[in-house]
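First the structure, in the form of structure tokens, and then the observations on it.
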Amino acid sequence: MTSFIIRRAFQALVLIKCVLIFVFLLLHISGDPISVMLPEEATKEEEALLRKQYGFDKPLVVQYGMFFSKVLKGSFGDSFETEEPALGLVLSHMPATIELAGTAFIVSILIGLPLGCFAALKEHSMLDRVCMIGAVLGQALPGFWLGLILILIFAVNLRILPSFGYGNWSHLIMPGIAASVFHTARLARLMRSEMLEVLRANYIITARSKGLMERIVLFRHAMKNSAIPIVTVLGLDLALTLGGTVIIETVFAWPGVGRLTVEAINTRDFPVVQAAVFVLASTFVLINMIVDIIYTFLDPRIKFE
């Protein structure tokens, strides 16, 4: 396992470096941050002075060398807007994103997995049809549209929930629902298909023919053998939820990394965007490595080699 972790850590470093190179180049072709930072009446001398101050007067290769040397020291520079350390600014917004993503993740597990199981056990029944229609609609609904509809119903018309902000549990309900619907629907469909495949397997038929109780057949045999693809999707969902709450955070004015990144992109605050991408990419890679390790506990036939 140690050699596997070392190998995956090396691959993660290469992947994150490639992501940072891509983001660096993409940001530099997206526009000039100096034009945003200076007022319209600024002179050419003031522009040249500010460009020199931030190193934008140097060739792109030299700028990348300066950027990467900061990254190796654990720094992404200071934010152009607030003049705070960019990495510290991103990490200070991370708890809000984790809270929202964690809520959406837990909701998707608590609702999606049972719905998928019940739909598989009651195949072709009314419950199965209703669950699958709901799952298809859940995957089809855009998160930002659902968020706006929730605001219109529960905040504007009924006035029982706050429409935006970050504070107590009531602020978390609508963004948590909006962020979890897609993942809940996909998890329910996957759980149903995996359970149907496993329930038709010979070892399940044999277990039932031996007179084992249905709950033992389901929990000890069926669910365990359908767990690997579910764990894969859960790992991806957790990573995607952490990085994919950008629109939801913007709709509900949630002070997370996603909203911070959108604001940084609009103002061309390069250090903040680069730090946010680094944190989210590192989280994604770490979660995928943990999922690979979990595989061996679910199925001993899977080896790290």
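Annotation: extensible slack from residue 168 through residue 133 equals 9.3 nm (criterion: 0.36 nm per residue apart, minus Cα-Cα distance). In the chain, the longest principal axis of the Cα atoms and the axis of helix 170-199 are about 40 degrees apart. The charge dipole of segment 86-298, taken about the Cα centre with unit charges on the Cβ atoms of Lys, Arg (+1) and Asp, Glu (-1), comes to about 680 debye, rounded to the nearest 20.
One quarter of the convex hull surface built on the alpha carbon atoms of segment 110-212 amounts to 8.5 nm², the projected area averaged over directions.
With 0.36 nm allotted per residue and the present C-alpha distance subtracted, the residue 263-residue 203 stretch has 16.1 nm of extension available. Per-residue ellipticity at 222 nm from helix content only, as computed over the chain with -39500 (n - 2.57) for each DSSP H run of at least four residues, stands at -24000 deg cm²/dmol. Counting beta carbons within 10 Å around each of 250, 261, 97 and listing the fewest first gives the order 250, 261, 97.
From least to most packed, judged by other beta carbons within 10 angstrom and beginning with the fewest, 231, 277, 14 follow the order 14, 231, 277.
Segment residue 11..residue 156, full-extension length gain: 47.3 nm, with 0.36 nm per residue of separation and the alpha-carbon distance subtracted.
Measure nothing but the geometry: give the 0 to 90° angle between the long axis through the Cα atoms of 60-72 and the longest principal axis through the Cα atoms of the chain, rounded to 10°. Once rounded, the angle reads 60 degrees.
Across all Cα atoms of segment 62-154, the radius of gyration (one decimal) and Dmax (whole number) stand at 22.0, 65 Å.
For the chain, the longest principal axis of the alpha carbon atoms and the long axis of helix 227-243 meet at an angle near 30°.
Near the amide H of residue 78, within less than 5 Å, lie the amide hydrogens of 86, all on another chain or at least 5 residues away, with H placed in the peptide plane. Computed from backbone phi, the HN-Hα couplings of segment 159-166 come to 6, 10, 9, x, 7, 7, x, 9 Hz, rounded to whole numbers (Karplus: 6.51 cos²θ - 1.76 cosθ + 1.60, θ = phi - 60°; Gly and Pro given as x). Would you mind getting me the FRET efficiency between residue 47 and residue 21? Use the beta-carbon distance for r and R0 = 25 Å, nearest 0.05. Calculated value: 0.35. Between the exposed loop cleavage positions of the chain, defined as trypsin sites (Lys or Arg not before Pro) in a non-H, G, I, E, B DSSP state with at most 10 neighbouring beta-carbon atoms within 10 angstrom, the longest gap is 211-300.
Readers should treat all values here as calculations from the given coordinates under stated rules, not as data from a laboratory. Model, not experiment: these values are computed from the prediction. Every residue, glycine among them, receives a Cβ derived from its backbone with ideal geometry; neighbour counts consider all protein chains shown.
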